[in-house]
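The values are calculated or read from the model by the stated rules, or taken from the named source; none is laboratory data. As the structure is a prediction and not an experimental result, all values here were calculated from the model. Keep in mind that these areas ignore ligands, DNA and RNA; they rest on the heavy atoms of the full protein, side chains included. Shrake-Rupley method; radii C 1.70, N 1.55, O 1.52, S 1.80 Å.
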Amino acid sequence: MGRYVPLCVVPEVVFNSARILRIPGQTAIKLSRSIFQSGMMLATYIFAMKSSICFFRYITPHNGGSLNVIAGIVGGLGSGTGLLWEPEGRRQELAIYVLPQTLIVLWNMLKRIKLARFSSCLLILWLSL
């Protein structure tokens with residue numbers, strides 16, 4: 001959670017310094033809540049991904065390629081629940097932030113199972129912009 005302290009405090013100091021001086025107690029509560037929400041979002045995201053991978057490796061001792069894909073999909077869907085910790089206004093911007101990386105991972109998965117073609121490459125690049 002230490003990474004989120006400057007991420008939440010710096011914009012507040014830069015853009016709302018008068019408010020900090022006027023109502024320091026409410027501002028501190030607001031900042032604490034924001035830091036907690038962001039930390040919980042990250043913790044939920046990591047837990048969902050790691051636990052799904054560990055679970056699928058536990059139930060299938062032999063490392064199967066298709067089960068790794070399923071574990072990634074389940075973990076990805078589960079990690080989306082981490083957005084519920086964030087305020088509604090930030091959910092969309094976080095989704096936009098994550099979308100290009102998601103498309104890159106999807107492309108690499110398609111390449112690995114030999115479903116990637118040049119036209120799908122152009123489509124994924126276009127979607128990522």
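Heavy-atom accessible surface of Thr44, to the nearest 10 Å², is about 30 Å², with a 1.4 Å probe and all protein chains retained. Of the listed residues Ser52, Ser32, the order by accessible area with a 1.4 Å probe, largest first, is Ser32, Ser52. Surface listing: Glu88, Glu12 arranged by accessible area from highest to lowest gives Glu88, Glu12, probe 1.4 Å. When the surface is traced with a 1.4 Å probe over the full set of protein chains, Arg19 keeps roughly 70 Å² accessible.
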